Structure formats: structure tokens, C-alpha cells
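The values are calculated or read from the model by the stated rules, or taken from the named source; none is laboratory data. Computed from a predicted structure; not experimentally measured. Methodologically, a virtual Cβ is constructed for each residue, glycine included, from the backbone with ideal geometry; neighbour enumeration extends over all protein chains shown. Calculation scope for accessible area: heavy atoms of the full protein, side chains included, ligands and nucleic acids excluded. Shrake-Rupley method; radii C 1.70, N 1.55, O 1.52, S 1.80 Å.
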Amino acid sequence: GTVMVGFAQPYFQCTPPMLSATWFASNERATATATALNFNQIGIAVAFLVGGHMAKNEVGIHDYFGLISLLCIAVTLGTFLQFQNKPPVPPSYSELEKLMRGEKEPPFLESVKKLFGTPGFTVPLAAFICSISITNIVGTFIDEVMERGGITDQLGVDLAGAGFELAILLGGIIIGGDVDETKEDKPVTL
């Protein structure tokens, strides 16, 4: 399962900036991207709460995976039925100008080369990779950490795990909003 989640990372990590650029004005994009990127934490928070409650035995685990499968099918169908390629009206004047010029996104590999050729790109990338690693490690070992702190009941551990994940989401939304308002992304990154 972990390998499959790893394979999915590029899709849910790379899609939000593209959707933000398509659907949101420039003063909304950091917030939209941060919200979408960090909303993965809601899934993890729900897994702590629902999974912790349901997955107490083999039958509970099967029921939990069945519930996850049904919810995924419902969300996938809803997405296919409702999702549009682009908004009927460009979200900003700059997007309208791009549309009028017929500007296209460069090929993926060209974008990757440009990003890695941009001075200062690799340090925030390394910081992002470290932050993802840390949040995954904390989430994985939250029960052991909480037990050392004296919290041993499953509900307390589940609430702590869910709270940790919700804090990540809220932090991302607040920081994204700050970047949208100030256009100062360097101090936020540091």
C-alpha cells in the first residue's frame, strides 16, 4: 500500500499548482495551492479517527477498506461528472492575456530543467522533502510518542494524530494566505 501511495504523490503534489494557475487569480493562487496540497492531511486525519475506530480486528479492517473504496468511487464519479478543463471566464487579466496570445505550457521536462536551473530552487525543495518526511514519520509513530507521554487510550492517540494533521492543513492555508497578500514567499520559505 505504501508503494502505491508513493506512486500517487506526483499526481496530488503537482496537480494543485496547475489547477490554481488555471482557476484562480494571482492573488489567490498560493492559498488555493496550499489548501489543495495540504488537504491530503484531512484524509490522514480521517484515517486516524475512522480507521482507529473501525480497524480493531480483521473484520473491522475489511469494513474500513470497503468504506474507503466506496468513498473513492463516489468522489471519482463526482469529479468525472463535474470537473471542467478550465473556467468559462479566465480568473485574471493575465490569464486572459495568455489565452489571447495562445500561450501554451512548456513540455514537462523543459519545465523541470528550468526549475532546477533557477537559483534558490533546490533549498526550498529539500526543505519540502524534509517536511513531508517528518510529517509522515510523526504520523506513523504517533501512538508510540503519545504512549511515552502517558496517553495510551486509542481515542486520545487518534485525536492527537488527527489534530496534528489538521494543524498542518491550517498552517498551510494561513501561510498561503500570507503569501497571496504580501507576495513575500522567501521569508515564508525560510
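For segment 80-161, the square roots a ≥ b ≥ c of the C-alpha gyration tensor eigenvalues yield an a/c of 1.5 or more together with a/b not exceeding b/c, which makes the shape oblate. Quick one: with all protein chains in place, what share of the accessible area of the chain is carbon or sulfur, to the nearest percent (1.4 Å probe)? Reported share for carbon and sulfur atoms: 69 percent. The charge dipole of the chain, taken about the Cα centre with unit charges on the Cβ atoms of Lys, Arg (+1) and Asp, Glu (-1), comes to about 640 debye, rounded to the nearest 20. Exposed loop sites are taken as chymotrypsin sites (Phe, Trp or Tyr not before Pro) in a DSSP loop (any state but H, G, I, E or B) with at most 12 other beta carbon atoms within 10 Å; the longest stretch of the chain without one runs 1-82. Rounded to the nearest 10 square angstrom, Val138 shows an accessible area of 50 square angstrom against a 1.4 Å probe. A viscosity of 1.306 mPa s and a temperature of 10 °C, combined with the Kirkwood radius over Cα pairs in Stokes-Einstein, give a translational diffusion coefficient for segment 39-190 of 81 µm²/s. Against the criterion of solvent-accessible heavy-atom surface with a 1.4 angstrom probe, Lys104, Lys86 sort, most first, into Lys104, Lys86.
For segment 154-159, putting each phi into the Karplus relation 6.51 cos²θ - 1.76 cosθ + 1.60 with θ = phi - 60° gives couplings of 4, 4, x, 5, 4, 5 Hz, in residue order, rounded to whole numbers and with x for Gly and Pro.
Across every pair of different alpha-carbon atoms, what Kirkwood hydrodynamic radius in Å does segment 7-80 reach?
14.2 Å
Computed over the chain, the per-residue total of -39500 (n - 2.57) for DSSP H runs of n ≥ 4 gives a 222 nm mean residue ellipticity of -24500 deg cm²/dmol, rounded to 500. With all protein chains kept in place, the per residue accessible area of the chain amounts to 72 square angstrom at a probe of 1.4 angstrom. Per-residue 3J(HN,Hα) values for segment 160-175, derived from phi via the Karplus relation 6.51 cos²θ - 1.76 cosθ + 1.60 with θ = phi - 60°, read 5, x, 5, x, 4, 5, 5, 4, 4, 4, 5, x, x, 5, 5, 5 Hz in sequence order (x marks Gly and Pro).
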